[in-house]
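Asks: Quick one: this structure, given as structure tokens, is what I'll be asking you about.
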Amino acid sequence: MGVTDVSYVSSGLFITGVLFILLIGSLLSLGILRLFQQRKRQGGLYLLGSVLAFAVMVFVVERWFS
């Protein structure tokens with residue numbers, strides 16, 4: 001295995017990525033939990049929120065960090 005050099009990643013990009021990953025992961029896990037609890041509408045909304053958060057993350061990274 002090789003070592004990956006991440007010294008070129010800015011702190012702003014790192015913090016933005018971490019915040020969006022936490023948001024997407026939280027919404028995704030809440031959505032799956034609600035589906036297991038038979039709350040389909042709430043689960044679907046959480047899953048939709050995670051997809052929208054991912055789309056916003058891609059937009060933000062493409063727009064400001066490219």
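Asks: Give the value in nm², to one decimal: projected area of the alpha carbon convex hull of the chain, averaged over all directions. Show your work: numbers first, answer last.
Replies: Working: hull surface 23.5 nm².
If I average the Cα hull's projected area over directions, I get 5.9 nm².
Asks: Sticking with this one: What number, in percent, do you get for the relative contact order of the chain if the mean sequence gap of Cα pairs under 8 Å and at least 6 apart is divided by its residue count?
Replies: Values: 38 pairs, mean separation 21.0, N = 66.
Answer for the chain is 32 percent.
Read-outs: derived from the displayed coordinates by stated rules, not from any lab. Remember, predicted model here, so these are calculated numbers, not experimental data.
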